[in-house]
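J.: Just dropping this structure here.
What follows draws every value from the coordinates through simple rules; no lab data is involved. Keep in mind that this is a model prediction, so the values were computed, not measured. Ideal geometry is used to build each Cβ from the backbone, glycine not excepted, and the neighbour counts take in all protein chains shown.
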Amino acid sequence: MISRRHFLAQGAAVAVPFAIPRIAGAKTLGFTEIKAQTAAVQLAPAPYPRTEIWGYNGVMPGPQIRLTQGSRLQRTFLNELPQASSIHWHGIRIDNAMDGVAGLTQSAVEPGETFDYDFVVPDAGTYWYHAHNRSVEQVARGLYGALIVEELDAPDVDQDVVLVLDDWLLDPETAQIDPDFSSPHDRSHAGRRGNFVATNGRFDQSLDVRQNERLRLRVINAANARVFGLALAGMNGWTIALDGMPLAQPEPFTEALILGPGQRADLIVDITAAQGETAHLVRLEDQEGVSQAAFPVKDRSAAAPRPSPTALPPNPKMEVTGLATAIRSRLRMQGGAMGTLDVAILNDERKNFRDLVAANQFWAFNGTIGMTNTPLIDVTRGETVRLEIYNDTSFPHAMHLHGMHFREIGKNGDLGPFRDTLLMSGGETRTIGFIADNPGDWLFHCHMLSHAASGMMTWIKVT
Ligand code: C2O
Ligand code: CU
């Protein structure tokens, strides 16, 4: 094939429209490589030194993967890290064998080894991918990226912007990542919270806009434990999707948007700030607003404000029916500091709280700590599950179900939006329902990764 360089080297004197020849109807198939590697990036502002991270293809966030709904993703994962790893495709209704959970759906990929991920993306929306072996360490070191599945009929916007939020726990002198990933304090309290917040790996994420421009913001919370409270300044907005899945109606952005670890939101925003001003995605912290991402208004717009956005097209086969006759299950979360956990089963043995502290394991589901051979729920494909979750702890938790989306069932039976991660406050009881229509062994865990590493992990079997 004639490369562009070759073409230019021929010294064409006139401007010729150039197009890479493409056979109509051809599908671009084939594996490309994604490598987990060590790298150094300027995370904190100079004169801080660069921070050593682990990143996909040496960057952080990893390369943005963008494809069209219904197409096929093929990646050869090559592990160049000193530690075994795997990739999980968070929120994708995927074949179980491709879910990337080391120890459950595949073996961890050893250093120097590869694994081929190959699957079709059935749903449009905002997803992400991240390491799923020793996640508390590997995600904190930077092993994650955005996975965007575009609608065949995407809404009309001027810019489509991905914002990956994270906080980093850095040494204040050296700007290096704190290597203590098993701190008993983090594990038994709110998890590993960073002291340096970034968007797309930058503390000064900024994007030039024009007044009246309409943006689609795809916000992803990739933090280990931080719950982000977000507001808008200098722009008007609507939430159009949560955890990848379209809302039935766009919801005007009035209150703060709360995003727990693992959760995503798609917003449509119209820039109302005037030329010379700056609009912001604002992070709410201790009653204060801090800029999470800035949108300087560089130009007056030619266009007038647009009418309110319409709903995104729904994804296929999304329903929760049969709740009246559903399989019922309960999950009681216990443990942590100021908790009620006195005894629990750890590795088939009954342990008192002091033993648990010595084992650095702090959280239990229904009295059991961590993964066992028995799933929380064992159902036949197609059955409806109704799961009541009681957060009998003093901390929030973000419960993530792999492989399927659920809806929250309100007190009077009304159904909430489809989600893959449920953020719960301490003391709350909430109920979710879903149709177990995806066969396999699916992890169900707290996405506060220190909690998952110290007990908050179970699984659901669909046969
Ligand atoms: Cu986002 Cu089990 O993971
Ligand atoms: Cu938790």
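J.: As a test of understanding, state the convex hull volume per residue of the chain from its alpha carbons, in Å³.
T.: 184
J.: OK, next. In whole Hz, with x marking every Gly and Pro, tabulate ³J(HN,Hα) for the stretch 31-36 from phi via Karplus 6.51 cos²θ - 1.76 cosθ + 1.60, θ = phi - 60°.
T.: 7, 10, 8, 10, 10, 8
J.: Semi-axes of the stretch 282-341's equivalent ellipsoid from the Cα gyration tensor, sqrt of 5 times each eigenvalue, largest first, rounded to whole Å?
T.: 42, 30, 8
J.: Scale the Cα Rg of the stretch 115-201 by the rule-of-thumb value 2.2 N^0.38 Å and send over the ratio, two decimals.
T.: Ratio of Rg to 2.2 N^0.38 Å for the stretch 115-201: 1.39.
J.: Then there's this: Give me, ordered by chain and number, the residues 5 or more places off Leu341 or on other chains with an amide H under 5 Å from its own placed amide H.
T.: Residues meeting the amide H criterion: Gly335.
J.: Any idea what the relative contact order of the chain is, in percent, if you count C-alpha pairs under 8 Å spaced at least 6 apart?
T.: In percent, rounded to a whole number, it is 14.
J.: Can you list which of the trypsin sites (Lys or Arg not before Pro) found in the stretch 317-373 are DSSP loop residues with at most 15 other C-beta atoms within 10 Å?
T.: Within the stretch 317-373, the qualifying trypsin sites (Lys or Arg not before Pro) (loop, at most 15 other Cβ atoms within 10 Å) are Lys317.
J.: Whole-Hz Karplus ³J(HN,Hα) for the stretch 448-463, in order, using 6.51 cos²θ - 1.76 cosθ + 1.60 and θ = phi - 60°, x for Gly and Pro?
T.: Rounded to whole hertz, the list is 7, 5, 5, 5, 4, 6, 10, x, 7, 8, 8, 8, 10, 9, 10, 10.
J.: While we're here: Among the aspartates and glutamates, which fall within straight-line cross-link reach of Lys298, defined as a Cα-Cα distance under 13 Å, with same-chain neighbours fewer than 8 residues apart omitted?
T.: Answer for Lys298, where 13 Å is the Cα cut-off: Asp208, Glu213, Glu277, listed by chain and number.
J.: For a quick check: with amide H placed at 1.01 Å from N, whose amide H comes under 5 Å from Glu277's, ignoring anything fewer than 5 positions away on the same chain?
T.: The answer is Val297.
J.: Of all the Cα-Cα pairs you can form in the stretch 269-394, what percent are over 19 Å apart?
T.: Value for the stretch 269-394 (Cα pairs over 19 Å): 72 percent.
J.: Output needed: percent of Cα pairs per 10 Å distance bin for the stretch 69-213, bins running from 0 to the one holding the longest distance.
T.: Bin by bin from 0 Å, the calculated values are 10, 31, 33, 21, 5, 0.
J.: Checking the cross-link filter: which lysines have an alpha carbon closer than 30 Å to that of Lys317, excluding same-chain neighbours under 8 positions apart?
T.: Reachable lysines: Lys27, Lys411, Lys461.
J.: Return the long-range amide H neighbours of Phe196 (sequence gap of 5 or more, or a different chain), with a cut-off of under 5 Å between placed amide H atoms.
T.: Trp168, Leu170
J.: Determine the calculated [θ] at 222 nm for the chain from helices alone, applying -39500 (n - 2.57) to every DSSP H run no shorter than 4 residues and normalising by the residue count; nearest 500 deg cm²/dmol.
T.: -1000 deg cm²/dmol
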